[in-house]
Amino acid sequence: MEQVAHEIRNPLTSVGGFARKVFNKLPEDDPNRKYMQYIIEDVAILESMIKQLIELKSMSISIKEPSNINEIITDSLRVFEQDLHRRQYRWKLNCRKVFL
């Protein structure tokens, strides 16, 4: 993931840099300034998203411990239980004990 983020960020930085350079050289009344501004703003949004992805990756916890999948599924369904009932979804949960 981090490798992909860096591969995207490098050309994106070039696009943003060149867009700012062109924007700054355009006369104030040039109608293309607004299009260059759109590019600059969109590049900034994408750069922020990539930064967040890299930060998310670095924050991920890599501790592995045994977990009860039945409890995880049951807890997850409880979170959405009201919404599922409101939408009239029906489900049947049948958990088996699994021993590893």
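The values are calculated or read from the model by the stated rules, or taken from the named source; none is laboratory data. The shown structure was predicted, so the numbers you read here are calculated from the model rather than taken from an experiment. Neighbour counts are summed over all protein chains in view; Cβ atoms, including those assigned to glycine, are modelled from backbone coordinates with ideal geometry. These accessible areas exclude ligands, DNA and RNA; they are computed on the full protein's heavy atoms, side chains included. Shrake-Rupley method; radii C 1.70, N 1.55, O 1.52, S 1.80 Å.
Worth pointing out:
- Flag if M49 is at pLDDT below 85, open to solvent by 80 Å² or more (accessible area, probe 1.4 Å) and aliphatic (A, V, I, L, M): no
- Restricting attention to region 1-45, the residues that are touching a residue at least 12 places away in the same chain (Cβ under 8 Å) and over 29 Å from L56 (Cα atoms) total 3.
- Search result, residues across region 1-46 that are modelled with pLDDT of 90 or more and either in contact with a Cys (Cβ under 6 Å, 6 or more places away or on another chain) or among the acidic types (D, E) (or both): E28, D29, D30, E41, D42
- Residue match in region 68-76 (condition: of a type outside the set (K, R), over 30 Å from I8 (Cβ atoms), modelled with pLDDT of 75 or more and not in a helix (DSSP H, G or I)): yes
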